[in-house]
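The values are calculated or read from the model by the stated rules, or taken from the named source; none is laboratory data. All values reported here derive from a predicted model rather than from experimental measurement. With ideal geometry, Cβ positions are generated from the backbone for all residues, glycine too; neighbour counts draw on all protein chains shown. In case anyone asks, the SASA skips ligands and DNA or RNA and just uses the protein heavy atoms, side chains included. Shrake-Rupley method; radii C 1.70, N 1.55, O 1.52, S 1.80 Å.
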Amino acid sequence: MAAAVDNLEFNDDEYDDDRLNSIKTHIGEGTKTQSLNELKSLLRGSSGLRPCLEDNFLLRFLRGARYRPSTALKRLRTYYFSRNLHPDIFQNYLPSNTLPAQALNHIKALPYRAKNLSAVVVIKLGKC
């Protein structure tokens with residue numbers, strides 16, 4: 001099995017059950033519902049912040065925070081602060097506006113994943 005993991009391509013998304021369970025345990029996926037409810041509770045008690053309370057939206061922040069509601073709350077605050085600070089970026093966003101940045105070709109994903117199955121991305125800062 002080790003050889004298969006060492007050569008797992010970047011776009012492979014099929015994992016054996018053991019590896020998938022290991023990943024879910026590592027990021028705390030088993031506490032998804034509990035963490036989501038706790039984050040919603042924190043948001044209701046939070047003054048000055050009126051975020052979207054849809055599950056899919058909040059889960060994006062929880063996954064990035066390994067299902068730690070307090071960390072997800074901090075990230076949500078940062079997100080909304082950034083939205084207010086730079087409304088020109090967040091309003092009327094069109095992917096076509098990023099074509100000059102895409103043309104720099106400064107971000108490259110390596111063809112194989114690391115041993116822990118994470119993607120390896122190289123950013124060429126000299127091209128920015």
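List of remarks:
- Flag for residue 25 being closer than 30 Å to residue 112 by Cα, out of contact with any Cys (no Cβ under 7 Å at 6 or more places or on another chain), modelled with pLDDT under 90 and among the hydroxyl-bearing types (Ser, Thr, Tyr): yes
- Test: residue in segment 101-112 that is closer than 22 Å to residue 125 by Cα, in contact with a Phe, Trp or Tyr (Cβ under 9 Å, 6 or more places away or on another chain) and aliphatic (A, V, I, L, M): yes
- Residue 108 falls short on exactly one of the conditions (1) of a type in the set (D, E, K, R); (2) under 23 Å from residue 64 (Cβ atoms); (3) loosely packed, with under 10 Cβ neighbours inside 10 Å, and that condition is (3).
- Note on segment 28-65: among residues that are closer than 16 Å to residue 81 by Cβ and modelled with pLDDT of 90 or more, the one that is least open to solvent (accessible area, probe 1.4 Å) is 43.
- Residues satisfying the stated conditions in segment 80-128, i.e. in contact (Cβ under 8 Å) with a residue 24 or more places away in the chain and not in a loop (DSSP other than H, G, I, E, B): 80, 109, 112
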